[in-house]
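Undergrad: Sharing a structure below in structure tokens format, with a few things to ask.
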Amino acid sequence: MASTAKPVRPQFSADHEGFLRYRRFRWLKIASVTCLVAILGYLMADVKPRPNGGSWVGYTLGTIGAALIVWLALLGIRKRAMTAGAWSLKAWTSAHVYLGLSLIVIATLHTGFQLGWNVHTLAYVLMMVVILSGIWGVSAYASLPAALSSNREELTQEQMFEGIRAIDRQLEDAAQPLGREHSDLVIAALEQDFFKTGLWARLSGNYRNCQTARAIAGFARADASGGGDAAIGRVEKLLIRRQAQLDRLRRQMRLRALLEVWLCVHVPATVALLAALTAHIISVFYYW
């Protein structure tokens, strides 16, 4: 007897869906419609000489923009509350990204394309800084975690440190027979704290004062001059291994820095934006 059961249709699930694609780009669609309505309202408004921040269109767009800025700034608080459903953290983050981008249109139309050297323009500039740093953050979170995982090659950061420490112990023993010149190079490499680096070096991956690289160059010159022996060759190989381990660890540090540094701009700029926005609103009502 043939079965009459209906085939089960796969259900759409957002369990493994990124926040940018949440619910088939729900918040991208909402933000796009919001921008379209704002543009049409601006173009169709019967305001002479043209819609600006002091017109009813400007006040409407300004109110929407200010409310959005305050709401978007609450994401940091929202992250501390774990909920599911329509207002899960994933949904909130998706809305944060797309509605944040819509502010570019809403706030620009609110200004009526009239900018100057005042607190109003300061608020607008700070808003753009926040948005641009947010774009960088989204790009970083979309690409860098995979690079971090690939660079680690299933090693934890502690295992990377232990690998360097193990090579350092071998270097201490192997360097015992060396002369003063080569011993000093090894000692300088071992004593250098690879955590004490400037922000630019960590972000760029350019470590000009790397004592391990300097030691390798010194040992290479000894080989080129024919003054190398078995002890020097053994230490040189260990230094090269140490450099490879350091390069991996530094790549990891660089990727993590790139993943986190945008917050050093995004968060302070958001606080400054809220302050400038408050000053902007107060000054508007004061001179109204």
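Undergrad: For a quick check of your reading of the model, give me the residue pairs whose first member lies in region 83-100 and is in the same structural domain as TRP27 (by TED's automatic domain parsing) and loosely packed, with under 12 Cβ neighbours inside 10 Å, whose second is basic (Lys, Arg) and modelled with pLDDT of 75 or more, with beta-carbon atoms closer than 9 Å and at least 6 apart or on different chains.
TA: Here the result reads ALA86/ARG23, each pair linking region 83-100 to a residue that is basic (Lys, Arg) and modelled with pLDDT of 75 or more.
Undergrad: So if I check each of PHE219, PHE285, which one is more than 27 Å from the chain's Cα centre (by Cα), surrounded by 17 or more Cβ atoms within 10 Å (Cβ to Cβ), part of a helix (DSSP H, G or I) and hydrophobic (A, V, I, L, M, F, W, C)?
TA: Numbers: PHE285 fails: surrounded by 17 or more Cβ atoms within 10 Å (Cβ to Cβ).
Going through PHE219, PHE285 in turn, the sole match is PHE219.
Undergrad: For region 167-183, enumerate the residues that are acidic (Asp, Glu) and in contact with a helix residue (DSSP H, G or I) (Cβ under 9 Å, 6 or more places away or on another chain). Don't jump to the end; show me each part of the working.
TA: If we filter region 167-183 for residues that are acidic (Asp, Glu), which is where we start, we get 168, 172-173, 181.
Within region 167-183, ASP168, GLU172, GLU181 qualify.
Undergrad: While we're on this one: Given the criteria farther than 30 Å from ALA123 by Cβ, surrounded by fewer than 18 Cβ atoms within 10 Å (Cβ to Cβ) and at pLDDT 90 or above, does GLU191 qualify?
TA: Values: farther than 30 Å from ALA123 by Cβ: yes; surrounded by fewer than 18 Cβ atoms within 10 Å (Cβ to Cβ): yes; at pLDDT 90 or above: yes.
So GLU191 passes the test.
Yes or no, residue by residue, for (1) touching an Asp or Glu at 6+ places or on another chain (Cβ under 6 Å); (2) closer than 30 Å to ARG254 by Cβ; (3) of a type outside the set (Val, Ile, Thr):
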{"residue": "VAL105", "(1), (2), (3)": "no, no, no"}
{"residue": "TRP117", "(1), (2), (3)": "no, no, yes"}
{"residue": "ILE135", "(1), (2), (3)": "no, yes, no"}
{"residue": "VAL138", "(1), (2), (3)": "no, yes, no"}
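Undergrad: Using beta carbons and a limit of 9 Å, which pairs, at least six apart or on different chains, have the first residue in region 145-160 and at positive phi and the second one of a type outside the set (S, T, N, Q)?
TA: As it stands, the answer is GLU153/ARG248, since those pairs meet every condition given.
Undergrad: Of the numbered conditions (1) in contact (Cβ under 8 Å) with a residue 12 or more places away in the chain; (2) surrounded by 15 or more Cβ atoms within 10 Å (Cβ to Cβ); (3) of a type in the set (A, V, I, L, M), ALA201 satisfies every one except a single condition; which is it?
TA: Unmet condition: (1).
Undergrad: Say we look at region 45-61 and pick out the residues that are farther than 18 Å from THR34 by Cα and among the polar types (S, T, N, Q); which of these is farthest from the chain's Cα centre (by Cα)?
TA: My answer is SER55.
Undergrad: Something else now. Return the residues of region 255-282 that are at pLDDT 90 or above and either in a loop (DSSP other than H, G, I, E, B) or under 13 Å from ARG202 (Cβ atoms) (or both); say none if nothing qualifies. Before you say what the answer is, go through the steps one by one.
TA: Pass one, region 255-282, residues at pLDDT 90 or above: 264-282.
CYS264 - this is the single residue of region 255-282 that is at pLDDT 90 or above and either in a loop (DSSP other than H, G, I, E, B) or under 13 Å from ARG202 (Cβ atoms) (or both).
Undergrad: Another question about this same structure. Give me the pairs, please: first residue somewhere in region 17-29 and surrounded by fewer than 16 Cβ atoms within 10 Å (Cβ to Cβ), second residue anywhere and at pLDDT below 85 and assigned to a loop (DSSP other than H, G, I, E, B), beta-carbon distance under 8 Å, and either six or more positions apart or on two chains.
TA: Matching pairs, first to second residue: ARG23/ALA14; ARG23/GLU17; ARG24/PHE12.
Undergrad: Please enumerate the residues belonging to region 258-271 that are touching a residue at least 40 places away in the same chain (Cβ under 8 Å) and either closer than 15 Å to ALA66 by Cβ or surrounded by fewer than 17 Cβ atoms within 10 Å (Cβ to Cβ) (or both).
TA: Listed by number, the residues that qualify are LEU263, VAL265, VAL267, THR270.
The values are calculated or read from the model by the stated rules, or taken from the named source; none is laboratory data. Because the structure is a prediction, the values reported are computed rather than measured. When we count neighbours, we look across all protein chains shown, and the Cβ atoms used for this are built from the backbone with ideal geometry, even at glycine.
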